[in-house]
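The values are calculated or read from the model by the stated rules, or taken from the named source; none is laboratory data. Keep in mind that this is a model prediction, so the values were computed, not measured. Note that each Cβ is placed from the backbone with ideal geometry, even for glycine, and that neighbours are counted across all protein chains shown.
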Ligand SMILES: C[S@@+](CC[C@H](N)C(=O)[O-])C[C@H]1O[C@@H](n2cnc3c(N)ncnc32)[C@H](O)[C@@H]1O
């Protein structure tokens, strides 16, 4: 792991503007990562603020600790945001430090530069690495083990559902063929299996994204169970805010953003069904801020091109009520 690796926090100015930390505020950062957003939010906050940062990745926590560990306002906890709510250490912190709820909660979803730039983590096809892709390397099957458990049908379904890959079935067949023939051990082997179906060079010539991108995204999402618990996490987060407290969620692809948007709309008491009103009014826990979401500015995309697909969605906690 390179000692100089940095992760440029995405939509940082927008987060600072829309997620203000009041004096004495309590902040929950459910995807601390390398602490980029945390550092900037803490820089604006007073000495009585308390900031709880959670991440499932031990390397990310270590980096954040090295970067910010001297700041006595920050506590770093190991855990996944879908299960942290019942963790005794989390509950103790919350009970002592934030009994009335949080003023600000941040979720910056997905992977960090640490994952993408370190070949040994197996997230990227730009350098060869083991087919791992786990954000928490101590838990769950590696990407290779996960693939080995799939049938052609379940693998194709995952590629289609999590990667929006239209050639999901022939790619699934090519991946499982490579596995059966002992040709699937590294990230580049996985990419080669995809290129058997969608050759790389024509896509490159047309300036399209690498054909392996969608397959890598899909397998990473499946291996880490990234979308499974997301609605429940967002609901827990909204309920953990104090009235007037704000939730900010950054997503990186349309699939994730759709889940965030629909869940926040539901928590805001809005009905997304076709035409008819729901039989009962939905409880309204949240007021949507900037309902269309915020995208990075042209300047940010120029300086940090990977930010181009990011979306920030925001809500402010209401004292719960039923929508009229
Ligand atoms: C995009 S990065 C966050 C970057 C951070 N905001 C910064 O500026 O440095 C996302 C982080 O969330 C972590 N993560 C992803 N899914 C998680 C989950 N279910 N629970 C906890 N952490 C998770 C990843 O390990 C990664 O470090």
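Tabulated data
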{"item": "Those residues of region 57-86 which are assigned to a loop (DSSP other than H, G, I, E, B), within 15 Å of the ligand (Cβ to nearest atom) and touching a strand residue (DSSP E or B) at 6+ places or on another chain (Cβ under 7 Å), in sequence order", "result": "79, 81"}
{"item": "Number of the condition not met by residue 197 [criteria: (1) under 22 Å from residue 225 (Cβ atoms); (2) in contact (Cβ under 8 Å) with a residue 24 or more places away in the chain]", "result": "(1)"}
{"item": "Number of positions in region 87-112 that are within 15 Å of the ligand (Cβ to nearest atom) and crowded, with 17+ Cβ neighbours inside 10 Å", "result": "10"}
{"item": "Matching entry among 237, 232 (being in contact with a strand residue (DSSP E or B) (Cβ under 6 Å, 6 or more places away or on another chain) and in the same structural domain as residue 21 (by TED's automatic domain parsing))", "result": "237"}
{"item": "Residue ID - modelled with the highest pLDDT, chosen from residues in region 194-227 that are in a loop (DSSP other than H, G, I, E, B) and within 14 Å of the ligand (Cβ to nearest atom)", "result": "224"}
{"item": "Residue 39 farther than 24 Å from residue 139 by Cβ, in a helix (DSSP H, G or I) and either at pLDDT 95 or above or within 15 Å of the ligand (Cβ to nearest atom) (or both)", "result": "yes"}
{"item": "Unmet requirement for residue 262, which otherwise passes all of (1) buried (at least 17 other Cβ atoms within 10 Å of the Cβ); (2) at pLDDT 95 or above; (3) within 19 Å of residue 291 (Cβ to Cβ)", "result": "(1)"}
{"item": "Yes/no for residue 12 being under 24 Å from residue 233 (Cα atoms), at pLDDT 95 or above and within 20 Å of the chain's Cα centre (by Cα)", "result": "yes"}
{"item": "Region 22-36, subset out of contact with any helix residue (DSSP H, G or I) (no Cβ under 6 Å at 6 or more places or on another chain) and part of a loop (DSSP other than H, G, I, E, B), residue nearest to the ligand (Cβ to nearest atom)", "result": "31"}
{"item": "Some residue of region 43-53 being outside any strand (DSSP E or B), modelled with pLDDT of 95 or more and closer than 20 Å to residue 112 by Cα", "result": "no"}
{"item": "Options 59, 91, 65, 44; residue that is without any contact (Cβ under 8 Å) to a residue 24 or more places away in the chain, assigned by TED's automatic domain parsing to the domain that holds residue 250 and touching a helix residue (DSSP H, G or I) at 6+ places or on another chain (Cβ under 9 Å)", "result": "91"}
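Conditions (1) assigned by TED's automatic domain parsing to the domain that holds residue 210; (2) touching a residue at least 40 places away in the same chain (Cβ under 8 Å), marked per residue:
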site	(1), (2)
95	no, no
134	yes, yes
153	yes, no
159	yes, yes
